[in-house]
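Readers should treat all values here as calculations from the given coordinates under stated rules, not as data from a laboratory. Computed from a predicted model, the values in this text were never measured in an experiment. Cβ placement follows ideal geometry from the backbone for every residue including glycine, while neighbour counts extend to all protein chains displayed.
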Amino acid sequence: MHTSPSDDLAPPETAAPAPRPADPGGPRRAASPWRGRVMAAGLILAALNLRPAVTSLGPLLEEVRDDLGMSGTVAGVLTSVPPACFALFGLTAPRLARRWGPGAVVCAGLAAIATGLLLRPFAGGTPVFLAASALALAGIAVSNVLMPVIVKRWFPDRVGAMTGLYSMGLSLGTAAAAAATVPMSDALGGSWRTGLGAWALLAAVALVPWLFLARAGAGGAAAIGAEAGGPGAGGPGVSGQGASGTAVGGTGADASAGAPADAPAMPITRSPLAWAMAVFFGFQATAAYISMGWMPQIFRDAGVSASTSGLLLAVMMAMGVPLAFALPRIAARLRHQGVLVVVLGVFGLTGYAGLWLAPAGGAWAWALLLGVANCAFPLALTMIGMRTRTHAGVVRLSAFAQSVGYLLSIPGPLLVGVLYQHSGGWGQPIALMAGLMVPQIVAGVLAGRDRHIEDEA
């Protein structure tokens, strides 16, 4: 992913190939090939588990609602839980990493994911189901924050390659859970409980290497915890949605050593650019979580089968794999990224128009169009790096834009559920989704201008 705006503007001594100040005392890349392979396997397995708790639910939401007696409004609350957990629990990750080390915290996070996914099928009512989901999402939130730090620490000379592996693992887990949950439920007896609970096994498998890898972080817990403060502050979004989350995480980790000297004097809450970035990030996150939570139900109500609806969601999520690598490179060549914001917005508006007019007839086309539109996430992360001159500026802008953005995204899925409940159809909810795309475009165009937050100080 793109980090060159920060690197190009760094002082000459920062760009030199000498070891970075944050490196001493922390875990380094394993000396033995065997341990390096275990670390790489642990990284990929963890990434595979950071989205199934979310995307496995959408294709079976109708069955879960009927069995647990959920209204559309309560289901909307359920689809709002992921961004809320990412915004709230992710803030605890830096402090936990300072105390225990990031490896141990990720290990505990995977244990929480496995436990929450295992408990969900045994829920006899909505409160227990929500509590089990929140436990799994809390584990995802802290892991989201710390995985970029671990990549930076364990693979300092292969950050790009390992970021690519981690990103592909995250996208693969996102798409696989959407596509495979319904067929797996059918194969295991037709119950949503077994279909959702089966993903606990994948989390348990991922936990095995981390029981060994957690010890690798013990010696450098304080150093890594301080480093985690950079991406941690904006951590919920570092890997919150898609494949490119480590771009800001890596930059933020570098920034920790020089943050006090480089930080802008003006409070970031007074920066118009920071607010434009936060609003853009928040609206694109809203679209993403509405898609993950409600899109399969839209297709099912249009007459598409449950398994095909899951595949359609998988297609939407899989679009993030190639575009997450291409968009940042294109954005880096442009002085104003607003044109990309507008292009992605047009894709989204076209997809929503298709859902309104012919949800079943053109389902595959709408899934592709909305999948492209949801790639505003890697573009937003890239723009965060391009709107700052210093490493410390990246950390501050990332923390503000992502934390505020995720808080802004919480009401969206809930409002969709309320409109669906009270209107009895998808016309009004789809109109809301399309309407939210307009302020996303406006905020993105404002944030995409060739400016830097340091210039506003």
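In order along the range 371-376, phi translates into HN-Hα couplings of x, 5, 4, 5, 7, 5 Hz, rounded to whole numbers, per the Karplus curve 6.51 cos²θ - 1.76 cosθ + 1.60 with θ = phi - 60° and x for Gly and Pro. Return the equivalent ellipsoid semi-axes of the range 342-457 as a descending list in whole Å, where each equals the square root of 5 times an eigenvalue of the C-alpha gyration tensor. Taking √(5λ) for each eigenvalue gives 32, 16, 11 Å, largest first. Highest mean first, the peptides 419-430, 379-390 sorted by other C-beta atoms within 10 Å per residue fall in the order 379-390, 419-430. Annotation: amide H of Arg389 within the under-5 Å range of Ile453, Glu454, sequence separation 5 or more or interchain, hydrogens built in the peptide plane.
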